[in-house]
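Scroll down for the structure; my scribbles are underneath it.
The values are calculated or read from the model by the stated rules, or taken from the named source; none is laboratory data. What you are looking at is a predicted structure, and each value in this text was computed from that prediction instead of being measured. Glycine also receives a Cβ, built like all others from the backbone with ideal geometry; neighbour counts cover every protein chain displayed. Only protein heavy atoms, including side chains, enter the accessible area calculation; ligands, DNA and RNA are left aside. Shrake-Rupley method; radii C 1.70, N 1.55, O 1.52, S 1.80 Å.
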Amino acid sequence: MLKEFKDFAMKGNVVDLAIGIIIAGAFGRIVESMVADIIMPLIGMIGNFDFSNLYFAPLSKIPPDTGYADAKKLGAVIGYGQFITLVINFLIIAWVLFLLVKGMNKLKREEAAAAAEAPPPQEALLTEIRDLLKAK
């Protein structure tokens, strides 16, 4: 059983998946930083918005100018500003992955077209033999 697990864990697909998960985690943190540190401040400057402090306190009597972190300490709040930030994160990640897949598909089509142009070696040899027989 241990040998089977070792064989399974050391297969190329499992190792590739593990590497992909690690890279995806790092990529997620990069996108999170880009949204929090670059995009959201730009949106805030343009429209005077600060999504991080947008919340709704349905049952609590929280003073209106209380920040989101402090409001969470005082009672139940619905932080829709954080949700907006996560949706923007998702859209950026989805767009980058779309562009990545689109680029890879384009490369595969170019490789397939190049492979289709060159005949297999057997066919090239048969064509050469045919041409030699015609010349006689």
Which residue, of Leu74, Leu54, Leu59, is out of contact with any Lys or Arg (no Cβ under 8 Å at 6 or more places or on another chain), open to solvent by less than 80 Å² (accessible area, probe 1.4 Å), over 30 Å from Leu100 (Cα atoms) and not small (Gly, Ala, Ser)? Leu54
Selection within the range 78-92 - modelled with pLDDT of 80 or more, over 9 Å from Tyr55 (Cα atoms) and touching a Phe, Trp or Tyr at 6+ places or on another chain (Cβ under 8 Å): Ile84
Somewhere in the range 38-48, is a residue of a type outside the set (Lys, Arg), over 28 Å from the mean Cα position of the chain (by Cα) and open to solvent by 60 Å² or more (accessible area, probe 1.4 Å)? yes
Examine the range 70-77 for a residue that is modelled with pLDDT of 80 or more, more than 30 Å from Ser52 (Cα to Cα) and small (Gly, Ala, Ser), and state whether such a residue exists. no
Using beta carbons and a limit of 7 Å, which pairs, at least six apart or on different chains, have the first residue in the range 125-136 and assigned to a helix (DSSP H, G or I) and the second one open to solvent by less than 100 Å² (accessible area, probe 1.4 Å) and small (Gly, Ala, Ser)? none
